[in-house]
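Asks: The structure is given below, and queries will be raised subsequently.
The values are calculated or read from the model by the stated rules, or taken from the named source; none is laboratory data. Since the model is a prediction, treat every value here as computed from it, not as a measurement. Positions of Cβ are backbone-derived with ideal geometry, glycine not excepted, and every protein chain shown enters the neighbour counts. Only protein heavy atoms, including side chains, enter the accessible area calculation; ligands, DNA and RNA are left aside. Shrake-Rupley method; radii C 1.70, N 1.55, O 1.52, S 1.80 Å.
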Amino acid sequence: MTFPAVCRLVPAVVLFSGAGLLAQQPFQFPTANHALYEIGNELKFFAPTAPDKPWTTGSFGCVRSDGWQMHEGLDIRCLQRGKHDEPADPIMATADGTVVYFNTRPSLSNYGNYIVVRHIVEGLEIYSLYAHLSAVRPGLKIGDPVKAGEVIATMGRTSNAETILPWRAHVHFELNVLVNDNFAAWFKKSSPGERNDHGEWNGQNLNGLDVREILLAEHNPKGGFSLLNFICGQTELCRVLVRAANFPYLKRYPMLVLKNPVAEKEGVAGYEIALNYNAVAFALLPRAASEIKGKAKFQLLSVNEEEERAHHCRKLVVQRGGRWQLTNAGLRELELLTY
Ligand SMILES: [Zn+2]
């Protein structure tokens, strides 16, 4: 059985009825900098990693270390300066949502001070993240509802891993899927002795979507942007089979689960899963025991070699002796997904 090009689609008419045009532009810019749309002027929007580096180093994807390091968000340049030339841009919620986490001890994260907000868009749980903040808005509490465009923080230069020079001041902005509610327990078991100060709001548990593509797609004057279609339409890096039938992602993202009458009849013994290059599981096909060959808990079924050549920085799969295999990084992603 092959996957359909896109997973179960909710007809656009149903999705957007009564919601007007807003539903087609679910995400707003987190600052007043909207220069992303000025094609050719990308350096007005993105903060590159060094003055002589291209704007793409501040964008999403395998854009760091000559293509070997992932950057899971957008580095959006500062527009306003305050005292001592420090960044002063207000940071705004990208959509209506709920504050689920903030870290105000910058020494505990390479994100420095950061905020995570949960949104429900077309039924999908999506988590926006805003990093390197100088301060969270006074009085803001975890659990507070926020409106799209509501100020939640001030831009800054905080991080425990890198020195963000004043010229490069930016907000690091992500849109993510959440991998597993049990992240903290999994991390303790899989990384003994390592610290996790952020519970399930650790960046390793948030797999980023290409925010640049999303913001550009929803700006398309023809309209019709759907986040669900965007996720379902991801390019497959590889297909894996997991011998696990019950894990939180299935309940969180039921719209990404496909139909299989055989598994419905015989019972689900595992899932065939399509992953994009950033390990986002975007289509999950239930499988019956009679359809599964081999005993391994995780099996690599196929690799899209063209996609792997184009985006290989997460190193989820590797070719050894002419055969593709899951790497330790790939296995780790699957262990977390199915924990
Ligand atoms: Zn960044």
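Asks: Looking only at the stretch 278-296, count every residue that is in a loop (DSSP other than H, G, I, E, B) and under 21 Å from residue 252 (Cβ atoms) and tell me the total.
Replies: Residues flagged as in a loop (DSSP other than H, G, I, E, B) and under 21 Å from residue 252 (Cβ atoms) within the stretch 278-296 amount to 3.
Asks: Filter the stretch 73-94 down to residues that are within 16 Å of the ligand (Cβ to nearest atom) and either in contact with a helix residue (DSSP H, G or I) (Cβ under 7 Å, 6 or more places away or on another chain) or basic (Lys, Arg) (or both) and give me whichever is most open to solvent (accessible area, probe 1.4 Å).
Replies: 77
Asks: So which of 97, 58 is of a type in the set (Gly, Ala, Ser), within 13 Å of the ligand (Cβ to nearest atom) and either farther than 18 Å from residue 26 by Cβ or open to solvent by less than 30 Å² (accessible area, probe 1.4 Å) (or both)?
Replies: After ruling out the rest, the residue left standing is 58.
Asks: Separate question: Sort out which residues of the stretch 43-77 are more than 20 Å from residue 235 (Cβ to Cβ) and of a type in the set (Gly, Ala, Ser), and write them in order of number.
Replies: Selection gives 47, 50, 58, 65.
Asks: OK, next. Considering only the stretch 120-134, state which residues are farther than 15 Å from residue 249 by Cα and either open to solvent by less than 40 Å² (accessible area, probe 1.4 Å) or within 11 Å of the chain's Cα centre (by Cα) (or both).
Replies: Once the filter is applied, which keeps residues that are farther than 15 Å from residue 249 by Cα and either open to solvent by less than 40 Å² (accessible area, probe 1.4 Å) or within 11 Å of the chain's Cα centre (by Cα) (or both), the stretch 120-134 yields 121, 128, 129, 130, 131, 132, 133.
Asks: Any chance the stretch 233-251 includes a residue that's touching a strand residue (DSSP E or B) at 6+ places or on another chain (Cβ under 9 Å), in contact (Cβ under 8 Å) with a residue 12 or more places away in the chain, β-branched (Val, Ile, Thr) and in a helix (DSSP H, G or I)? Give the steps one after another, and end with the answer.
Replies: The initial filter retains those residues of the stretch 233-251 that are touching a strand residue (DSSP E or B) at 6+ places or on another chain (Cβ under 9 Å), namely 233-234, 236-245, 247-250.
Applying the additional criterion that residues be in contact (Cβ under 8 Å) with a residue 12 or more places away in the chain yields 233-234, 236-245, 247-250.
Remaining after also requiring β-branched (Val, Ile, Thr): 240, 242.
After this cut, where a residue has to be in a helix (DSSP H, G or I) as well, the list is none.
Within the stretch 233-251, none of the residues are touching a strand residue (DSSP E or B) at 6+ places or on another chain (Cβ under 9 Å), in contact (Cβ under 8 Å) with a residue 12 or more places away in the chain, β-branched (Val, Ile, Thr) and in a helix (DSSP H, G or I).
Asks: Here's something else I'd like to know. Among the residues of the stretch 128-153, which ones are more than 16 Å from the ligand (Cβ to nearest atom) and touching a residue at least 60 places away in the same chain (Cβ under 8 Å)?
Replies: 148, 149, 151, 152
Asks: Evaluate the following for residue 64: is it within 16 Å of the ligand (Cβ to nearest atom) and charged (D, E, K, R)?
Replies: Considered against the rule, which asks whether it is within 16 Å of the ligand (Cβ to nearest atom) and charged (D, E, K, R), residue 64 comes out as yes.
Asks: Could I ask something else about it? Can you pull out the residues in the stretch 149-176 that are of a type outside the set (Asp, Glu), out of contact with any Gly (no Cβ under 8 Å at 6 or more places or on another chain) and open to solvent by 10 Å² or more (accessible area, probe 1.4 Å)?
Replies: Within the stretch 149-176, 149, 151, 154, 161, 163, 165, 166, 167, 168 qualify.
Asks: In a loop (DSSP other than H, G, I, E, B), of a type in the set (Val, Ile, Thr) and at pLDDT below 95 - does that describe any residue in the stretch 20-36?
Replies: So far as the stretch 20-36 goes, no, none of its residues is in a loop (DSSP other than H, G, I, E, B), of a type in the set (Val, Ile, Thr) and at pLDDT below 95.
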